[in-house]
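**Student:** Here it is, the structure, as structure tokens.
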């Protein structure tokens, strides 16, 4: 069986990709101009911007070929991200690694490939900018340099999007802090005003003019601050519309179905996503949720045979001081023994090929455990060999 290439820094690479917290369905317009420019520069019919996670190559924008995703082990770009340099295949039809792939055997019957890693400053290849054609091609050094510039601009835009998302999160946190401060000062201020009122009434009985004047000043100042706190709270009432850094269960469900239903159809697996009804529209932070849940879904499909079942159950439990997001990914696959569960819980990478011959890279569940820990969440695994598996993720959320 063919060995699939894996970058030497693969764990660090997929952690770096997860830090961008990318919704793979949301970038088509942002990179459309660069994909078109790359095709024009290279003189090819097709140009793709691909990001590659543990299981899947996600095409976040395309030119000349309608494609959204493919299994990582079927892609040419998996070779591009395993090197620091561009990767070229002069003729896909005569290369043993690619001659049997669906995009070579069937339409569009591609022959030429040239890919440039999308490399971060930290040295992590998030994916690749690639140009492809049905005919054989040869790129001049000048064209290659222009393609490298375009690839750098793609990384720059990804970094800019990451910064914008971070700023929005900080702005949201600052607003929450403002509301907390307002709540915190209202209690003491109310106490001060009440105490001042008592002293003021006693002062009237004793006719202490200086004390009365001083106490009156305290009352006026206290009321002024209390009114200010009320104003802060009034202008900071929660907005129920979703912010850029939020999902609700309905949106989360829709994203998962759009991203992973094609994988289920490809393997003839029944895939369903359900949500709790009573909390379906309550917002929660979307930070790393697609990366965590997506890896669990892809892993479940990998180890579930054809005609099998993969279900995702999403629920949000509303509590007084916090909310609890629970994600259950259940499959009818080959299951795990206790040693396998212990490896996952210990963050140890293991590699096993899937039931359909899918390549195992061994980093997906290790990444899931890393991300859950970083969010102060918990992971539970319930499984026995031959009886499927249930991965339960519990993540605390702000109320």
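Values quoted throughout were computed directly from the atomic coordinates according to the rules given, and no laboratory measurement underlies them. Computed from a prediction, not measured in an experiment: that's the story for all the values here. Every residue, glycine among them, receives a Cβ derived from its backbone with ideal geometry; neighbour counts consider all protein chains shown.
**Student:** With the crude spin-label approximation of a point 7 Å out along Cα→Cβ, what separation in nm comes out for residue 307 versus residue 26?
**Tutor:** Placing both labels 7 Å beyond Cα along the Cβ direction yields 4.0 nm.
**Student:** Here's a follow-up. With a ≥ b ≥ c the root eigenvalues of the C-alpha gyration tensor of region 25-90, is it rounded (a/c under 1.5), prolate (a/b larger than b/c) or oblate? Can you show the working numbers first?
**Tutor:** Details: a/c = 1.84, a/b = 1.16, b/c = 1.59.
Oblate.
**Student:** Set the Förster radius R0 to 35 Å, insert the Cβ-Cβ distance between residue 140 and residue 96 as r into 1/(1 + (r/R0)^6), and round the FRET efficiency to 0.05.
**Tutor:** Working: r = 28 Å, r/R0 = 0.79.
Calculated transfer efficiency: 0.80.
**Student:** Fully extended, how many nm does the chain gain between residue 8 and residue 392 (0.36 nm per residue separation, minus their Cα-Cα distance)?
**Tutor:** 135.2 nm
**Student:** Any idea what Rg and Dmax come out to for region 246-397 if you just take the C-alpha atoms, in Å?
**Tutor:** 14.9, 47
**Student:** In a Debye calculation with equal point scatterers on the alpha-carbon sites of region 74-124 and no solvent, what is log10 I(q)/I(0) at q = 0.26 Å⁻¹?
**Tutor:** One equal scatterer on each Cα of region 74-124 leads to -0.95.
**Student:** Where in region 274-316 does the amide nitrogen come within less than 14 Å of the point 7 Å from the Cα of residue 265, taken along Cα to Cβ?
**Tutor:** From region 274-316, the list is empty.
**Student:** Continuing with the same structure: Using only the Cα atoms of region 312-377, what do you get for the radius of gyration and for Dmax, in Å?
**Tutor:** 14.7, 47
**Student:** Follow-up. Using the beta-carbon distance between residue 174 and residue 348 and R0 = 30 Å, what value does 1/(1 + (r/R0)^6) give for FRET efficiency, to the nearest 0.05? Working shown, then result.
**Tutor:** On the way: r = 39 Å, r/R0 = 1.30.
E between residue 174 and residue 348, to the nearest 0.05, is 0.15.
**Student:** Name the shape class, rounded, prolate or oblate, that the alpha-carbon gyration tensor gives for region 10-139, where a ≥ b ≥ c are the square roots of its eigenvalues, rounded holds for a/c under 1.5, and otherwise prolate holds if a/b is larger than b/c and oblate otherwise.
**Tutor:** Numbers: a/c = 1.60, a/b = 1.37, b/c = 1.17.
Taking the square roots of the gyration eigenvalues as a ≥ b ≥ c, region 10-139 is prolate.
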